[in-house]
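To start, the structure under review is shown below, and the notes come after it.
The values are calculated or read from the model by the stated rules, or taken from the named source; none is laboratory data. None of these values were measured; they are calculated from a predicted model. Note that we place each Cβ from the backbone using ideal geometry, even for glycine, and neighbour counts take in every protein chain shown.
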Amino acid sequence: MPKYPKTVSEMLPTRRDLLEFGGLGLAGAAVQGLWPLSVSASSSKKVTPRGNARNVIFFEISGAISHIDSFDFKENPATPKESDVRTLKNGVHLPHYLFPRTAKVMDRVALLRSLRTHEQVHFRGQYYVQTGRQMNFAFAREIPAVGSVIAAELDSRRREADTFPSYISFNLEKGAAGALATGFLPPRFSVFDLNPEQSLKGMALDQKAIELVEERWRLLEALRKSEEKRVAGYGIQMKTYENFSDTAHRLISDPRWPAAFQVSAEDKKRYGANSLGLSCALARNVLNQDGGTHYIHICHPGWDHHGKIWDRTASSNHFIQIAEFDPAYASLIEDLASTPSKHEPGKTLLDETLVIAMSEFGRTTGALNHLQGRDHHHHCFPALFAGAGVKGGLVLGATNKDGSRCVETGWKHAKEQPKIENVVATMYSALGIDWTKEVHNLPSGRTYSYVDPLGANGFIPTDEIPTIYG
């Protein structure tokens with residue numbers, strides 16, 4: 001017979017268990033109880049958020065894919081002989097050998113080839129991707145991840161039946177920046193970062209375990225009530241702990257949660273039986289369960305190939321990474337497009353989900369370096385947009401002959417390349433969030449802008465990227 005826990009301590013996961021399974025991005029969640037001190041829309045700029053999406057999936061190609069060997073393909077001295085470059089209907093050149101599945105969904109994708117970043121180091125670049133602003137160590141503890149801002153903004157829209165975390169991620173802890181904290185926002189808006197392999201090992205409780213949980217929960221509730229007056233002075237720390245407990249109880253009691261973590265053998269074959277494939281299949285499942293999750297960050301680490309980028313004998317190379325990316329990304333787009341919406345008859349899950357795939361920067365162009373790899377390149381790199389009204393097949397922006405510089409920006413600012421801030425504004429707009437909002441009177445005395453107009457080199461446009469919609 002199975003052995004059931006007899007004490008609360010036996011039921012609770014250890015710190016090691018949490019690290020293996022996944023956890024909340026609470027490390028450094030420093031400034032608590034200050035939301036919202038003072039929030040206002042910008043007085044100088046009025047915008048109308050689109051509100052065309054219920055969900056956003058951000059697919060981070062972490063470590064930086066070589067853009068000239070993929071989505072901004074340029075023939076170069078290092079182009080693998082087996083690439084089999086083919087021209088798609090929209091004129092995009094894509095190595096078919098590397099991206100056979102992705103080629104089939106590019107008619108649903110708007111390709112933007114003109115992004116620019118000021119960052120050239122992975123930690124700072126991935127921090128920039130997660131927060132939408134450059135890192136400043138003086139007040140970094142105040143800054144929330146974009147997903148946490150979205151969770152806070154959408155909190156008023158949560159239904160009684162919504163038990164899933166608003167913000168979920170897969171494998172963020174494997175990225176250079178890790179899973180960032182909530183900054184000035186309450187910890188309840190933190191990311192729930194999941195290890196996909198561990199997640200599949202057991203999300204469901206059998207009936208005996210459920211009964212035990214409920215018994216212990218009744219005891220805990222009685223203890224809380226008897227100690228209510230005494231712990232009232234403990235402040236937000238105690239409230240945060242109790243909120244975490246309440247959320248966990250509701251989550252493990254919801255049958256949709258274990259259902260979301262069922263991945264079939266066929267799914268593993270289509271998506272890939274690896275961490276990325278499982279992450280994408282689980283992201284699809286979580287959204288399909290409609291349990292309250294609206295922002296999912298998928299991290300695919302391992303793309304940083306300064307050496308042996310096309311060396312098949314190397315333990316890590318672009319062949320391996322692309323072989324994981326291609327079926328996972330394509331299957332995600334295909335399945336979202338074939339899954340009926342639970343909210344709008346005749347619509348699909350892709351119709352209500354904006355999917356963005358991009359790196360934190362690009363890689364150097366031309367011949368390979370002395371290590372037979374490519375280094376970091378911030379002057380231009382691509383992003384893929386799909387779903388939520390995005391016009392598939394669009395090709396926006398252009399680079400020069402070798403892909404080293406932008407020659408066409410792809411939006412209304414002819415002399416300003418779009419940046420991470422503009423991708424963030426695009427996500428906020430799609431979710432119906434006014435991206436000009438500002439939060440005043442942070443502990444540092446600074447103002448937090450949802451989209452920061454002060455870039456690394458001065459003021460920048462904070463517009464969304466409307467051209468992806470045609």
inquiry  = The conditions are (1) touching a strand residue (DSSP E or B) at 6+ places or on another chain (Cβ under 8 Å); (2) at pLDDT 95 or above, and VAL149 fails exactly one of them. Which is it?
reply    = (1)
ask   = Mind checking which residues of region 262-295 are free of Cβ contacts under 8 Å to residues at least 24 places away in the same chain and part of a loop (DSSP other than H, G, I, E, B)?
value = GLN262, SER264, ALA273
inquiry  = If I ask for residues that are closer than 23 Å to ARG116 by Cβ and either in contact with an Asp or Glu (Cβ under 9 Å, 6 or more places away or on another chain) or in a loop (DSSP other than H, G, I, E, B) (or both), which ones from region 369-381 would you list?
reply    = ASN369, GLY373, ARG374, ASP375, HIS376, HIS378, HIS379, CYS380, PHE381
message = List pairs: first residue in region 333-361 and farther than 15 Å from ASN285 by Cβ, second residue of a type in the set (Phe, Trp, Tyr) and part of a loop (DSSP other than H, G, I, E, B) anywhere in the structure, Cβ distance under 8 angstrom, at least six positions apart or on different chains.
response = SER359/TRP303
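Quick check, is LEU394 hydrophobic (A, V, I, L, M, F, W, C), surrounded by fewer than 20 Cβ atoms within 10 Å (Cβ to Cβ) and more than 24 Å from THR102 (Cα to Cα)?
It is false that LEU394 is hydrophobic (A, V, I, L, M, F, W, C), surrounded by fewer than 20 Cβ atoms within 10 Å (Cβ to Cβ) and more than 24 Å from THR102 (Cα to Cα).
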request  = Name every residue in region 336-363 that is polar (S, T, N, Q), buried (at least 17 other Cβ atoms within 10 Å of the Cβ) and either assigned to a helix (DSSP H, G or I) or out of contact with any Ser or Thr (no Cβ under 8 Å at 6 or more places or on another chain) (or both), in order of residue number.
outcome  = THR353
ask   = Does GLU160 satisfy the criteria of being in contact (Cβ under 8 Å) with a residue 40 or more places away in the chain, of a type outside the set (Phe, Trp, Tyr) and over 16 Å from ILE420 (Cβ atoms)?
value = no
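Determine which member of the set ILE309, ILE333, ILE320, ILE298 is surrounded by 20 or more Cβ atoms within 10 Å (Cβ to Cβ), part of a helix (DSSP H, G or I) and β-branched (Val, Ile, Thr).
Numbers: ILE309 fails: part of a helix (DSSP H, G or I); ILE320 fails: surrounded by 20 or more Cβ atoms within 10 Å (Cβ to Cβ); ILE298 fails: part of a helix (DSSP H, G or I).
One residue alone meets the criteria, ILE333.
I need the full set of residues from region 83-106 which are farther than 22 Å from GLY272 by Cα and not β-branched (Val, Ile, Thr), in order please. Write out each step before concluding.
Step one: filter region 83-106 for residues farther than 22 Å from GLY272 by Cα, giving 84-93.
Answer for region 83-106, where residues must be farther than 22 Å from GLY272 by Cα and not β-branched (Val, Ile, Thr): ASP84, ARG86, LEU88, LYS89, ASN90, GLY91, HIS93.
If you go through region 51-60 one residue at a time, do you hit one that is at pLDDT 95 or above, exposed (fewer than 15 other Cβ atoms within 10 Å of the Cβ) and within 22 Å of the chain's Cα centre (by Cα)? Show your work before the answer.
Quick first cut of region 51-60, residues at pLDDT 95 or above only: 51-60.
Now drop any that are not exposed (fewer than 15 other Cβ atoms within 10 Å of the Cβ), which leaves 51.
Now restrict to residues that are within 22 Å of the chain's Cα centre (by Cα): 51.
Checked against the condition, which is being at pLDDT 95 or above, exposed (fewer than 15 other Cβ atoms within 10 Å of the Cβ) and within 22 Å of the chain's Cα centre (by Cα), region 51-60 yields at least one hit.
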note = The residue that is farthest from THR339 (Cα to Cα), considering only those in region 361-396 that are in contact with a Phe, Trp or Tyr (Cβ under 9 Å, 6 or more places away or on another chain) and charged (D, E, K, R), is ARG363
task = May I ask you to list the residues in region 256-273 that are at pLDDT 90 or above and either on the phi > 0 side of the Ramachandran plot or surrounded by fewer than 17 Cβ atoms within 10 Å (Cβ to Cβ) (or both)?
result = ALA259, GLN262, SER264, ALA265, GLU266, LYS268, LYS269, GLY272, ALA273
query = Got at least one residue in region 156-163 being at pLDDT below 95, more than 30 Å from LEU94 (Cα to Cα) and buried (at least 20 other Cβ atoms within 10 Å of the Cβ)?
reply = yes
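In region 42-156, which helices (runs of 4 or more DSSP H) lie fully inside it and hold 2 or more residues that are closer than 24 Å to ALA337 by Cβ and either in contact with an Asp or Glu (Cβ under 7 Å, 6 or more places away or on another chain) or without any contact (Cβ under 8 Å) to a residue 12 or more places away in the chain (or both)? Please lay out each step first, then the result.
Working: elements: 100-105, 122-131, 146-153.
In region 42-156, the matching helices (runs of 4 or more DSSP H) lie at 100-105.
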query = Can we say THR409 is more than 20 Å from the chain's Cα centre (by Cα) and touching a residue at least 12 places away in the same chain (Cβ under 8 Å)?
reply = yes
ask   = Any chance region 416-436 includes a residue that's of a type in the set (A, V, I, L, M, F, W, C) and at pLDDT below 95?
value = no
key: Of all residues making up region 167-185, the number that are closer than 13 Å to GLY147 by Cα and more than 12 Å from the chain's Cα centre (by Cα)   = 4
